[in-house]
Amino acid sequence: MALATLPPSPTLSWDIFCRVIDNFGDIGVCWRLACNLAERGQRVRLWVDDPSALRWMAPDGHDGVDVSAWLTSTDFPPPGDVVVEAFGCDPAPAFLAAMAVHGDQARPPVWINLEYLSAEDYVERSHALASPQMSGPARGLVKWFFYPGFTARTGGLLREPALASEQALFDRAGWLASQGLALAPDERLVSVFCYPGAPLDRLVASLAADGRPTAIATTPGAATGAARAALAMAGGDAATLRQVALPWLTQGGYDRLLWASDLNFVRGEDSWVRAQWAGRPFIWQAYPQEDGAHGAKIGAFLERSLARAAPAAAEAIRDWTAAWNALDDPAAPLPAWTPPALDAAAAAAQAWRAQLLGAPDLATRLLAFVAEKR
């Protein structure tokens, strides 16, 4: 059922708990979820142990979202109607105990553990499973596992109701000019957001191979430093390339960078999802895990997202994804990002986005799930 035909959801109060570990993906996902729920008439309290990234990610805040400090000394108010712990972050014992008391007096909060996104088969098996609490401060309550995903038997993907219409009205040239990113004629734009260790030297070599002018827009941190070093090492061989070191962008600004770019390199979860909605060619760097588990996660996503892609495009994206995630031989040649290669990758990205747009988004599914459990 299309979002526009859905009956309005009753207004509920939500407590979303987020613990920032070592990157911005956790708070990025939680902020988008909080805003998405608020736009649908929900009241949201976002409890976060380190809200510093929101100063640049969302400097203007959002109506209906209250950001509160989650500290050991926090004196929590009574729990709301729904409690979401992001990525198994374990809300404070005192808050869990209050949830259990609330449950004895009236209707207990619906308790959701929002998990990480994956295309692997276990997601369908694990989504919507119940975890009764047999001991501890939450004894007697039920926690429900909610898995984002790419199929009807998962929790879907975060997507704002107005996303498609905003993209349709996007003024690429105007936005680039507002960011000081005006491009020369025939100059392509490549955005890079990566973890340390991404092979920027191989990317520089590939972009320089066909001699087309290219602006490489890098996000603060690993991407900016690695691109600067790779360009310096390439020297005259990269004469047609230039780097644009970006400041921290708001979430809306980063989305528009993805829409404006001819090729996007993204990482983690939040930027990965946003690249899929952008409908532009992209290469994803998964969060590296010591046991190599990210390899299976990457493989499952490529298998699903490239199932209908043209063989040449699928092969190029697979080769680049393996290189970008250090899963290949670093001496192996990589496909050049020529105009035909970019066109083929763009067609694959747009077909995948169209497939995803045909399914309900995560907030829609989450609201329905909560209504069922209440």
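FYI, it's all coordinate maths here, none of it is from the lab. Computed from a predicted structure; not experimentally measured. When we count neighbours, we look across all protein chains shown, and the Cβ atoms used for this are built from the backbone with ideal geometry, even at glycine.
How tilted is helix 251-260 with respect to the longest principal axis of the chain? Cα atoms for both, answer in degrees (0 to 90, nearest 10).
Roughly 30 degrees, rounded to the nearest 10.
Would you calculate the separation in nanometres between label points at Arg172 and Asp329, each defined as 7 Å from the Cα along the Cα-to-beta-carbon direction?
Output for this residue pair reads 3.7 nm.
Could you list Asp63, Asp210, Asp201 in order of exposure, starting from the residue whose Cβ has the fewest other Cβ atoms within 10 Å? Walk me through the numbers before you get to the answer.
Numbers: Asp63 8, Asp210 13, Asp201 16.
Exposure proxy ranking, most exposed first: Asp63, Asp210, Asp201.
Any idea which of Ala184, Gln285, Leu306 is furthest toward the positive side of the dipole for the range 163-357, if Lys and Arg beta-carbons carry +1 and Asp and Glu beta-carbons -1?
So the residue furthest toward the plus end is Ala184.
Find the all-direction average of the projected area of the Cα convex hull for the range 225-306, expressing the result in square nanometres with one decimal place.
7.0
Order these peptides, 159-167, 37-45, by their mean beta-carbon neighbour count within 10 angstrom, highest first.
On the way: 159-167: 14.4, 37-45: 18.9.
Peptide ranking by packing, descending: 37-45, 159-167.
Suppose R0 equals 25 Å; then what is the FRET efficiency for Ala336 and Arg308 from their Cβ-Cβ distance, rounded to the nearest 0.05? Write out the running numbers ahead of the final one.
Working: r = 24 Å, r/R0 = 0.96.
Computed FRET efficiency for Ala336 and Arg308 comes out at 0.55.
Using a Gaussian network model on the chain with a 10 Å cutoff between Cα atoms, which of Ala286, Ala275, Ala359 fluctuates the most?
Among Ala286, Ala275, Ala359, the largest mean-square fluctuation in the Gaussian network model of the chain belongs to Ala359.
Can you list the HN-Hα couplings for the range 69-78, worked out from phi with the Karplus curve (6.51, -1.76, 1.60; θ = phi - 60°), rounded to whole Hz and with x for Gly and Pro?
6, 9, 10, 5, 9, 4, 9, 6, x, x
For the chain, with only Lys/Arg (+1) and Asp/Glu (-1) charged at the beta-carbon, what is the dipole magnitude about the Cα centre, in debye rounded to 20?
Details: 30 positive and 40 negative charges, 120 e Å.
Charge dipole, the chain, about its Cα centre: 580 debye, nearest 20.
Report, in debye and to the nearest 20, how large the dipole of the range 163-357 comes out about its Cα centre when Lys and Arg carry +1 and Asp and Glu carry -1 on their Cβ.
Numbers: 15 positive and 19 negative charges, 67 e Å.
Dipole about the Cα centre, nearest 20: 320 debye.
Please name whichever of Ser131, Met57, Leu263 sits farthest to the positive end of the charge dipole of the chain, dipole taken about the Cα centre and charges placed at Cβ: Lys and Arg +1, Asp and Glu -1.
Most positive-ward Cα: Ser131.
For the range 225-240, what does the Karplus curve 6.51 cos²θ - 1.76 cosθ + 1.60, with θ = phi - 60°, yield as ³J(HN,Hα) per residue in whole Hz, taken in order and with x for Gly and Pro?
x, 5, 5, 4, 5, 5, 5, 5, 5, 6, x, x, 5, 10, 4, 8
Can you give the helix-only mean residue ellipticity at 222 nm for the chain, where every DSSP H stretch with n ≥ 4 adds -39500 (n - 2.57) and the sum goes over all residues, rounded to the nearest 500 deg cm²/dmol? Don't skip to the answer; put the middle values down first.
Details: 14 runs with 148 residues, N = 374.
Rounded to the nearest 500, it is -12000 deg cm²/dmol.
GNM, the chain, Cα, under 10 Å: largest mean-square fluctuation among Ala341, Ala184, Ala278?
Ala184
Among rounded, prolate and oblate, which fits the chain when a ≥ b ≥ c are the square roots of the eigenvalues of its C-alpha gyration tensor, a/c under 1.5 means rounded, and a/b larger than b/c means prolate?
Numbers: a/c = 1.94, a/b = 1.87, b/c = 1.04.
Because a/c hits 1.5 or more and a/b exceeds b/c, the chain counts as prolate.
I need the peptides 229-241, 87-99 ranked by packing, meaning the mean over residues of other C-beta atoms within 10 angstrom, with the highest value on top. Can you show the working numbers first?
Details: 229-241: 14.4, 87-99: 17.2.
Highest to lowest by the protection proxy: 87-99, 229-241.
Could you give the alpha-carbon Rg of the range 250-374 over 2.2 N^0.38 Å, rounded to two decimals? Mind dumping the intermediate values first?
Working: Rg = 15.9 Å, N = 125, 2.2 N^0.38 = 13.8 Å.
Scaled against compact globular proteins, the figure is 1.15.
Run the quick spin-label model on Asp319 and Ala347: label points 7 Å from Cα toward the beta carbon, then report their separation in nm to one decimal.
Distance between label points: 1.8 nm.
In percent, how large is the relative contact order of the range 132-184, given Cα pairs closer than 8 Å and 6 or more residues apart? It would help to have the intermediate numbers written out before the result.
Numbers: 27 pairs, mean separation 7.8, N = 53.
Rounded, it is 15 percent for the range 132-184.
Which of Ser73, Ser126, Ser178 moves the most in a Gaussian network model of the chain with Cα springs under 10 Å?
Of Ser73, Ser126, Ser178, the most mobile in the Gaussian network model is Ser73.
Could you work out the per residue convex hull volume over the alpha carbons of the range 163-357, in cubic angstrom? Before the final figure, lay out each step's value.
Details: hull volume 22.8 nm³, N = 195.
With only Cα atoms used, the range 163-357 gives 117 Å³ per residue.
Averaging sequence separations of C-alpha pairs under 8 Å and six or more residues apart, then dividing by the length of the chain, give the relative contact order as a whole percent. Intermediate results must be reported in sequence, preceding the final value.
Working: 619 pairs, mean separation 55.5, N = 374.
Once divided by the residue count of the chain, the mean separation gives 15 percent.
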